[in-house]
Structure formats: structure tokens, C-alpha cells
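What follows is one structure encoded as C-alpha cells, with my remarks underneath.
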Amino acid sequence: MLFGNHAEKREKFYAPLRKDYWPELYDMEYSLLDVHLVSQEEVDEIRLAAERVGKIFAKTADMLRKADDQTLWELDFPAETYEYIRMKTMEPESVIARVDLVRTPDGYKVLEINADTPTFIKECFHVNGLVCRELGSKDPNRGLEERLTTAVRQAVMDSYRYIGGTGIPYVVFASHGDHIEDKFTSLYLKELSGLVNTTYCPLDGLRIDEDGLYDQYNRRIDVLYRQTYPVENLIHDYDKDTGIPVGKALLEHIVKRKVGVVNPPSAFLLQSKGIQVVIWVLHEEGKFFTPEEHRWIEQYMLPTYFEPEWFIEDETPYVKKPCFGREGDTVSIYHGDGSLMYADKQMNYTDSAPVYQEFVELPKTTVRTVEGEKEAHVLTGCFLISGKASAIGFRVGNIITDNASYFLPVGLRG
Amino acid sequence: MRKTNKLLAALVGTVLAGSLSGCGPQPVSYQDIPPKPQIDGYEDQYWKWDEEDGEWEYEPPGGGGMPWFFYAGALHRSSIRNTPGYKPYSSIKSGSSVKSGGSSFFSSSGKAGGFGSGSGRGGFGG
């Protein structure tokens with residue numbers, strides 16, 4: 001009866017939020033009514049790690065903008081995006097990025113950065129505080145929504161100025177209209193921005209011609225805010241009647257400054273996990289980075305290569321993941337002898353070139369769900385808002401964090 | 001040469017040289033034909049360069065055709081050729097990149113839709 005009572009409490013808490021939030025995903029419990037307590041010192045450690053690593057990624061991106069086509073190809077960037085990712089439209093490489101970390105006995109290690117289309121935003125910046133208040137905990141993310149607001153506004157105006165705009169831009173927040181998480185994340189950012197002259201448009205409502213991009217009301221768009229739609233998917237968008245590759249046409253419009261875009265093009269440059277190979281091998285060779293940056297890489301980053309042999313030679317377990325992949329899809333874990341330990345059920349990114357990274361097991365914790373207490377692996381996320389460390393949060397689930405993972409709110413101990 | 005080494009050599013030799021010297025970056029200079037793969041267990045003599053696909057293909061005698069090829073820095077079974085994203089490097093050298101020159105996509109003044117259709121290959125934000 002204990003957990004029946006918890007299910008009722010959870011339902012009572014989340015029911016009013018369902019109008020613009022997603023306590024369940026894929027017909028499963030997603031947002032827990034539970035809180036994982038950490039010390040202020042640990043929060044500071046997470047943010048320090050994320051911000052330092054963010055600087056490493058940004059410095060690497062600036063260098064790769066100057067690389068030739070074949071280097072970008074080796075990093076698995078689609079050819080259609082080369083000119084796009086060489087654009088530098090604003091100071092930060094990404095407005096909203098999320099660094100995924102794992103706590104180890106040697107401190108926090110970075111698994112990857114989602115620089116282009118991170119979700120998990122409303123959970124950490126908004127819902128986390130509501131859960132903390134409900135359960136009597138102190139919210140470590142308190143006050144950070146205001147900084148997010150400022151960053152979103154600044155990014156929109158920077159994008160508008162980049163295309164030569166003056167005055168008030170017409171801004172459209174777009175996502176898949178039938179995907180609740182994407183839609184409500186986009187609407188959250190739209191409302192949070194407080195910008196006038198904005199609307200929400202589902203992706204299938206957008207139209208394009210040789211002059212520009214338009215919303216569902218046929219109004220020309222100045223800045224497109226596409227928080228959740230990956231560029232590597234966009235380039236496969238076609239008009240089914242005319243065969244026009246509308247995604248490529250949109251990239252061309254962005255390159256020609258006919259429309260601005262947020263996250264900026266440079267965010268996609270950080271999206272390939274091949275960047276982690278670049279960082280690690282330059283670190284091993286003692287190149288490019290300052291002595292302090294080399295110390296940060298050694299402290300926070302994991303060995304990552306394009307081949308598994310580096311780990312098999314040392315009998316070190318490793319993870320294989322696609323340069324462009326999401327939510328654990330197509331990720332597999334191997335023993336040090338190269339035999340398979342575990343593979344995610346989803347295999348949608350087999351066409352993306354893989355990277356191989358040293359395996360670090362996610363720590364476990366016990367969480368309260370409507371089905372009872374469960375032991376689950378913890379992945380720590382820390383947002384970088386225009387390069388500055390911001391809200392944190394936990395995803396808990398399988399040994400590989402996937403679509404079936406829970407959102408576990410975070411509170412301050414003591 | 002392993003892809004990791006190849007990438008490092010390219011970056012250190014050219015892009016980084018420009019960055020570190022303060023000079024403008026120079027394009028990375030690759031040979032038209034990338035180096036033959038050097039992979040343990042694969043005999044050097046059986047790698048054949050496929051001009052049309054722009055890739056090294058492994059063709060051991062009696063191997064029953066072409067079970068392996070070297071693409072994007074990794075070994076693949078030939079079945080990957082049937083996957084949606086497969087595109088040999090030779091095809092992108094001919095210029096599929098979006099450019100800032102004249103538009104190449106519109107032949108009429110009508111508006112086109114279809115945004116979001118590319119997500120059928122799996123995935124939204126993450």
C-alpha cells in the first residue's frame with residue numbers, strides 16, 4: 001500500500017503540470033516524485049567540471065572551423081553542412097548545451113556534450129524547483145531560469161543582427177508538434193524568453209521558397225529557434241510533392257543570411273563525438289592546449305579514439321557509440337577482450353561512424369517510482385548557458401541511459 | 001594508418017600549424033587516394049582501391065566477393081552500402097555541400113514543405 005500511496009501523491013503533484021509538461025513519456029513514468037540529495041560542494045564540483053570542459057570544446061571548435069572538408073568528413077559531418085558549421089554568428093559556440101558526466105572515485109568524468117539539440121531543460125530549470133518545494137528540499141538550480149531567459153533573448157538578437165536585421169525580429173519556435181517533450185520544451189523557451197512577436201510552429205507547418213522561410217500563417221521568419229530538431233535529420237527533409245530538399249535549402253538560406261537560427265550553427269560543430277577524439281589525441285600528443293587545459297582534459301575527459309584496438313591492447317572495457325546518436329541509441333559496451341557486454345536495443349544510427357571511449361560504469365542509487373523502489377544508474381547532466389555552468393539534473397535508468405530513463409530531481413543536502 | 005593517427009597528422013601538420021604560428025590556416029592537404037588501411041589481420045596485398053566508390057576494399061582470394069571495405073576510417077561489411085546514410089567520400093568531393101552562391105534548390109516560385117520528415121531515421125533532441 002505504501003507505493004499505492006506514492007502513486008497517488010505523484011499523480012496529485014503532476015496532474016496540474018500536464019498541460020505543458022510530460023510526467024510520462026512513451027506511456028511510462030518519466031518524471032519522478034523523488035529527490036536525490038547532494039552537497040553544495042558536489043554541485044560546485046559538477047559545475048566546475050562542466051565549465052572547464054566547455055572551454056576545451058569551444059577552443060577545439062574554433063580550430064576545427066578552419067579544417068578542410070575531408071577532416072570534417074572524417075569527423076562524420078554530413079557534406080551538406082560544411083559551410084553551415086564554419087559560420088560564427090555569435091560569441092558563444094552554443095547557447096544551450098548539456099554536458100553529461102559520471103561520478104567516479106577519481107571525480108567527475110565527461111561522457112559527452114550535447115551542444116546542438118539538448119532536451120532536459122524544463123526539467124532542470126523549472127520542474128526541479130517545484131519537486132524540491134513539494135518534498136521540502138533546497139533547489140540547487142534556484143534562480144537560474146533568469147539567466148536562461150537572458151541568454152535566449154541575447155541569442156535571438158545576435159542571430160537577427162547577424163542577418164542584418166534591425167528593430168524587432170519575428171521569431172518562430174519550432175519542433176515536432178506531435179512529440180510532447182519537444183513541443184513543450186520549445187513552448188517553455190518561447191514563454192521564458194518573454195520576447196514579443198513570437199509564435200510556435202510545428203515543423204510540418206514551416207514553408208520555404210527561394211526568398212525565405214515562413215510559418216504556418218505564411219509570415220516570413222527572421223529567426224528560427226529549433227531547440228530540438230537535429231541538423232543531421234534536417235538535411236534529410238524533403239517536400240514529398242516536389243522533391244525539393246527543404247532541409248538543405250534551409251541551411252543554404254542560413255548561410256546566405258536570409259534567416260537566423262538558434263542554437264547557432266557552431267553548436268552543430270560540437271555535436272560530433274569525433275570532437276572528443278580530436279581533444280584526446282591532441283592532449284596525448286601535448287599539442288594545442290595550454291598546460292592548465294591539459295590538466296583539465298586529464299582530469300575530466302575519457303580516452304576516446306576512432307578504433308577499439310587502443311583499448312583491446314590494454315584489456316580495457318570500452319563503449320562504442322555513433323558520432324551522431326542520441327538517447328543511448330546504437331550504443332554498446334564491450335569487455336576488454338572485445339566481446340560484447342551490453343548493447344542498447346535501439347539501433348537507428350548504424351550509418352554514423354563510431355567512436356570508442358573508455359567505459360566508466362554509472363554509479364547506482366535507489367529511486368522511488370510508482371512501481372516501488374528501484375535501483376538505477378545515475379547520469380549527471382549540467383547545462384552550459386552561453387558557456388557558463390548552470391542547472392544540473394539526474395537521469396537514472398539502465399547501464400546505458402536511454403529513452404526509458406527517469407528524470408530524478410536534485411536537492412541540496414543540509 | 002589508423003583513422004585516429006591520420007586525423008592527428010592532418011590537424012598537427014596543417015590546421016594547428018597555422019593556429020600556433022599565428023599565420024592563417026592552410027587547407028589540410030590529403031592525397032587523392034587515402035593511405036592503404038594498416039589493420040592487424042588484414043594482408044596488405046589484398047586491399048584494392050575502388051576508383052568509383054573512393055574507398056579501399058578488401059578482397060582476399062577465395063573470399064567470396066567483397067565481404068569488407070574500408071569507409072569513414074573503419075572496416076565495414078559490404079551490407080552497409082544498403083544503409084540510408086552510406087555515401088563514399090568520392091561522392092562528396094564532387095560538391096554536395098551547401099554553398100553561399102546561387103540557390104540550387106528552387107525552380108519555381110511556389111513554397112515547399114516537408115520539414116520534420118527526416119526524423120524517420122530515428123531521433124529527436126536528446
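The values are calculated or read from the model by the stated rules, or taken from the named source; none is laboratory data. Since the structure is predicted, the reported quantities are computational estimates derived from the model, not experimental observations. With ideal geometry, Cβ positions are generated from the backbone for all residues, glycine too; neighbour counts draw on all protein chains shown. These accessible areas exclude ligands, DNA and RNA; they are computed on the full protein's heavy atoms, side chains included. Shrake-Rupley method; radii C 1.70, N 1.55, O 1.52, S 1.80 Å.
Details
- Contacts under 9 angstrom Cβ, first residue in region A:398-414 being closer than 24 Å to A:Lys321 by Cα, partner of a type in the set (Gly, Ala, Ser) and open to solvent by 30 Å² or more (accessible area, probe 1.4 Å), 6 or more apart: A:Asn398/A:Ala404; A:Ile400/A:Ala343
- Cross-chain or 6+ apart pairs with Cβ under 6 Å, region A:25-48 first and under 23 Å from A:Lys374 (Cβ atoms), then among the polar types (S, T, N, Q): A:Glu29/A:Thr369; A:Val35/A:Ser137
- Unmet criterion (only one of (1) in contact (Cβ under 8 Å) with a residue 60 or more places away in the chain; (2) closer than 29 Å to B:Phe106 by Cα; (3) open to solvent by less than 10 Å² (accessible area, probe 1.4 Å)) for A:Leu148: (2)
- Test result for A:Thr199, within 20 Å of the chain's Cα centre (by Cα) and not in a helix (DSSP H, G or I): no
- The residues of region A:394-414 that are over 23 Å from A:Phe359 (Cβ atoms) and part of a strand (DSSP E or B), listed by number, are A:Phe407, A:Val410, A:Gly411, A:Leu412.
- Of all the listed residues (A:Ser352, A:Ser390), the sole one being of a type in the set (Ser, Thr, Tyr), in contact with a Cys (Cβ under 8 Å, 6 or more places away or on another chain) and under 20 Å from A:Thr304 (Cα atoms) is A:Ser352.
- Answer residue from region A:313-365, given it is modelled with pLDDT of 95 or more and aromatic (Phe, Trp, Tyr) and is farthest from the chain's Cα centre (by Cα) among those: A:Tyr334
- Members of region A:191-225 that are within 22 Å of A:His126 (Cβ to Cβ) and open to solvent by less than 10 Å² (accessible area, probe 1.4 Å): A:Ser193, A:Tyr225
- Taken together, the residues in region A:236-270 that are within 10 Å of chain B (Cβ to nearest Cβ) and of a type outside the set (Ser, Thr, Tyr) amount to 21.
- Region A:21-42, residues that are open to solvent by 60 Å² or more (accessible area, probe 1.4 Å) and not in a strand (DSSP E or B): A:Tyr26, A:Asp27, A:Gln40, A:Glu41
- Answer residue from region A:109-124, given it is touching a helix residue (DSSP H, G or I) at 6+ places or on another chain (Cβ under 7 Å) and open to solvent by less than 10 Å² (accessible area, probe 1.4 Å) and is nearest to A:Val43 (Cα to Cα) among those: A:Val110
- Among residues of region A:389-414 being within 17 Å of A:Arg103 (Cα to Cα) and polar (S, T, N, Q), the one that is most open to solvent (accessible area, probe 1.4 Å) is A:Asn398.
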